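To start, the structure itself, in structure tokens.
The values are calculated or read from the model by the stated rules, or taken from the named source; none is laboratory data. Values in this document were obtained by computation on a predicted structure and should not be read as measured data. As a convention, Cβ positions derive from the backbone with ideal geometry for all residues, glycine included, and neighbour counts pool all protein chains shown. Just the protein is used for accessible areas: all its heavy atoms, side chains included, with ligands, DNA and RNA removed. Shrake-Rupley method; radii C 1.70, N 1.55, O 1.52, S 1.80 Å.
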Amino acid sequence: MAGFVYIMSNPSMVGRIKIGQTSKDPKANRLRELSADTAAAEPFHLEYYCYVEEYEKLEALVHAELAHARP
């Protein structure tokens, strides 16, 4: 199944990024959802996204590769 993997940042969380996945367009949907549904002081910014097959697997692989840098 195809979907999106994205990277977002938030000015109130300096030095951190959010890597996630969604079946919806992150530019039109997920960005708004995250900015509205979290307790972040400022809205999220979409830094990068790609549409890929097996988006859930790709997101899991990215998290595994970056696990050493996770706070």
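Please tell me if Pro71 is exposed (fewer than 11 other Cβ atoms within 10 Å of the Cβ), more than 12 Å from the chain's Cα centre (by Cα) and either at positive phi or modelled with pLDDT under 95 (or both). In short, yes. Checking each residue in the range 38-60 for being within 16 Å of Met1 (Cα to Cα) and open to solvent by 80 Å² or more (accessible area, probe 1.4 Å) picks out Tyr51, Glu53, Glu54, Glu56, Lys57.
Residues in the range 18-37 that are surrounded by fewer than 14 Cβ atoms within 10 Å (Cβ to Cβ), over 19 Å from Glu54 (Cα atoms) and either in contact (Cβ under 8 Å) with a residue 24 or more places away in the chain or aliphatic (A, V, I, L, M) (or both): Ala28, Ala36. The requirement of being modelled with pLDDT under 95 and of a type in the set (Phe, Trp, Tyr) is fulfilled nowhere in the range 6-27; no residue meets it.
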